[in-house]
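Chemist: First the structure, then my questions, so here it is.
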Amino acid sequence: MVDFKELSGKPVAEKIMTENKIRAEKLADLGHTPTLSLFRIGERPDDIFYERSILRHCERAGITVRQTLLPAGAPEQDMAKLLTAAAEDNTVDAIFFFSPLPKEYNEPALRELIPAAKDVDCLTRASAAAVFCGEKRGFAPCTPAAVMAMLAHYEVPLKGRHAVVLGRSLVVGKPLAMLLLAADATVTICHSKTTDLPSVCRKADILLAAVGQPRLVQSDFLAPGQVVIDVGVNDDPENPGKMCGDVNYAAAKETAAAATPAPGGVGLVTTAILCQHIIEASEQNVR
């Protein structure tokens, strides 16, 4: 048994949320309430899980949420019309929708309906380009930004360290790799076609799992001294009705130096970061 440290998301989220509330109160004094237009299509359990967290955090921070809930079979043009209305509404500071959308939707086109100033989760190409170019404009995706906030809070050194990102999605894997590179880490991106995946992961100083596969990361992926960041949010096949991460947390506790639990780790901070971005968008809207 190694000397293990749990990297809980709670203290990180609490610090961010305290700052969020103060900033929202200042906006309220100016007569403006930060407002999010939130879209959910269908009833995906992971979307609903995240939505509940968003609603709780926004209420606590003093953010108004306008929910638009569409059935899974809703026509794409319905969502496009509603997104356009939110984009043109000056009382809406931020727009967010859960991804991926149904396969029959043209998701890239729907993303581009969101104005850059209201794109608080890096859904558009312009926002993604800013992240990849290292430019300080727009908003980074909330989950990668939450990972970076956790690493900073727990003073995990990044400069010169080998970070292995397990997952190459546009939502987490790729932008997270860019943020790590900007912090001077040496980054390897792994995916389903990577040869001898466990061996590559064992070479990491910092292993970041974002593949959406319950407990994919087992003891053969891990090495002593690692910091393990679990970004996964999955239905737990072993405990119906509950969620789990991409990492076998029990295995991480036996081997790694530190790891995030899931739930209770990155997810808590992700929602706090989303609130932070909404408030920043609101501050820009009232200038």
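Chemist: In degrees between 0 and 90, to the nearest 10, how far off the longest principal axis of the chain does helix 173-182 point, with axes built from Cα atoms?
Modeler: In the chain, helix 173-182 runs at an angle near 80 degrees to the longest axis.
Chemist: Continuing with the same structure: Got a sec? What order do F98, F49 fall in by accessible area at 1.4 Å, biggest, i.e. largest, first?
Modeler: Of F98, F49, the descending order of accessible area is F49, F98.
Chemist: When only Cα pairs under 8 Å and 6 or more residues apart are kept, what is the percent relative contact order across the stretch 27-140?
Modeler: Relative contact order of the stretch 27-140: 25 percent.
Chemist: Let me ask another. Run the reach check for K81 against lysines, Cα to Cα strictly under 20 Å, same-chain hits fewer than 8 apart removed. What comes back?
Modeler: Qualifying lysines at Cα under 20 Å: K103, K118.
Chemist: Between helix 76-88 and the chain, what is the angle of the helix's C-alpha long axis to the longest principal axis, kept within 0 to 90° and rounded to the nearest 10?
Modeler: 70
Chemist: Once R0 is set to 22 Å, what does the formula 1/(1 + (r/R0)^6) return for the Cβ-Cβ distance between L55 and D89, expressed as a FRET efficiency to the nearest 0.05?
Modeler: My answer for the efficiency is 0.65.
Chemist: Sequence gap at least 6, Cα distance under 8 Å: using those rules, report the relative contact order of the stretch 232-287 to the nearest whole percent.
Modeler: Result for the stretch 232-287 is 23 percent.
Chemist: With a 1.4 Å probe and every protein chain left in place, work out the accessible area per residue of the stretch 76-144 in Å², rounded to a whole number. Could the numbers behind the result be given before it?
Modeler: Numbers: 3270 Å² over 69 residues.
Counting only protein heavy atoms, the per-residue value for the stretch 76-144 is 47 Å².
Chemist: Mean residue ellipticity at 222 nm from the helices of the chain, using -39,500 (n - 2.57) per DSSP H segment of n ≥ 4 over the full residue count, to the nearest 500 deg cm²/dmol?
Modeler: Result for the chain, helices only: -13000 deg cm²/dmol.
Chemist: Determine the share of the chain's accessible area contributed by carbon and sulfur atoms, expressed in whole percent, with a 1.4 angstrom probe.
Modeler: 53
Chemist: Using only Cα atoms, find the angle between the long axis of helix 266-285 and the longest principal axis of the chain, and express it within 0 to 90 degrees, rounded to the nearest 10.
Modeler: Approximately 30 degrees, to the nearest ten.
Chemist: Between the stretch 125-170 and the stretch 214-250, what is the C-alpha centre distance in whole Å?
Modeler: Taking the Cα centre of each part, the stretch 125-170 and the stretch 214-250 sit 21 Å apart.
Chemist: In Å², and per residue, what accessible area does the stretch 186-261 have when probed at 1.4 Å with the other protein chains present? Don't jump to the answer; show the numbers that get you there.
Modeler: On the way: 3320 Å² over 76 residues.
Using a 1.4 Å probe on heavy atoms only, each residue of the stretch 186-261 averages 44 Å².
Chemist: Of all trypsin sites (Lys or Arg not before Pro) in the stretch 188-265, which ones are in loop regions per DSSP and have a Cβ with at most 14 other Cβ atoms within 10 Å?
Modeler: On the way: sites: K193, R202, K203, R215, K242, K253; in loops: K193, K203, R215, K242.
Passing both the DSSP loop test and the Cβ count: K193, K203, K242.
Chemist: Quick check on my link table: of K193/K253; K10/K253; K10/K159, which ones sit more than 21 Å apart, alpha carbon to alpha carbon?
Modeler: K193/K253; K10/K159
Chemist: So for the pair S192, E155, with labels modelled 7 Å out along Cα→Cβ, what separation do we get in nm?
Modeler: 4.2
Chemist: For R66, project a label point 7 Å along Cα to C-beta. Then give me every residue of the stretch 78-110 with its amide nitrogen under 16 Å of that point.
Modeler: Inside the label zone: 79-97.
Chemist: Tell me which aspartates and glutamates have Cα within less than 14 Å of K26's Cα, excluding those fewer than 8 residues away on the same chain?
Modeler: Qualifying aspartates and glutamates at Cα under 14 Å: E280, E283.
The values are calculated or read from the model by the stated rules, or taken from the named source; none is laboratory data. Given the structure is predicted, the values throughout are model-derived calculations rather than measurements. As a convention, Cβ positions derive from the backbone with ideal geometry for all residues, glycine included, and neighbour counts pool all protein chains shown. Quick note on the areas: whole protein, heavy atoms, side chains included, nothing else; ligands and nucleic acids left out. Shrake-Rupley method; radii C 1.70, N 1.55, O 1.52, S 1.80 Å.
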